[in-house]
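Presented below is the structure to which this report refers.
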Amino acid sequence: MAGTSNYLENKILDHVLTATSYTSPSTLYLALYTSDPGDDNSGTEVSGTNYARVTAAFTVTGNVGTNSGAIEYAAAGNAWGTVTHVGVMDASSSGNLLYHAALTSSKAITTGDIFRIPAGSLTVTMT
């Protein structure tokens, strides 16, 4: 993924430099966006019939995390717009953006479409 959110950057700095505790979320969720959320989560998250963030699990090897299973959304009950970005979130609604990235190819979601990311296709890299 291309970016680490301001929220997570601040939590990491506080944790490492001031010994302020940070508890990792027990469950991660993937949000879909129709515009770049940026580091400040100012983009537009998808909304529409049957849209809800879905859980995402990752495995980590070295400095790379990869989704360990397929991530699949329910069939769109109406047009959701064109999905351009994704974000890893710490809650199923509201919450905090942790990581974000643009899709390799944008995807227009129309009624009945199912948005799916195969296992091993979403990576988070720390460099």
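The numbers here are math on the coordinates, done by the rules we state, and not lab data. Every value quoted in this text rests on a predicted model; they were computed, and no experiment measured them. For neighbour counting, all protein chains shown are included, and Cβ atoms are generated from backbone atoms with ideal geometry for every residue, glycine included.
What are the ³J(HN,Hα) couplings of the range 6-15, residue after residue, when phi is run through the Karplus curve with 6.51, -1.76, 1.60 and θ = phi - 60°? Round to Hz, x for glycine and proline.
4, 4, 5, 4, 5, 5, 5, 4, 4, 5
Counting alpha carbon pairs within less than 8 Å and at least 6 residues apart, what relative contact order, in whole percent, applies to the range 3-125?
It comes to 29 percent, rounded to a whole number.
Can you give me the long-range amide H partners of residue 113? Hydrogens built in the peptide plane at 1.01 Å from N, cutoff under 5 Å, separation of 5 or more residues or another chain.
76
Note down the magnitude of the dipole of the range 20-127 about its Cα centre, charges +1 on Lys and Arg C-beta and -1 on Asp and Glu C-beta and zero elsewhere, to the nearest 20 debye.
Details: 3 positive and 7 negative charges, 48 e Å.
Result for the range 20-127 is approximately 240 debye, rounded to the nearest 20.
Once you have the Cα-Cα distance between residue 108 and residue 58, take 0.36 nm times their residue separation minus that, and quote the gain in nm to one decimal.
Here the answer is 15.4 nm.
Taking the chain as a Gaussian network, where each spring joins two C-alpha atoms under 10 Å apart, which residue of 59, 104, 44 fluctuates the most?
Largest GNM mean-square fluctuation: 104.
Under a crude label model (7 Å from the Cα following the beta-carbon direction), how far is residue 125 from residue 91 in nanometres?
A separation of 3.2 nm, rounded to one decimal place.
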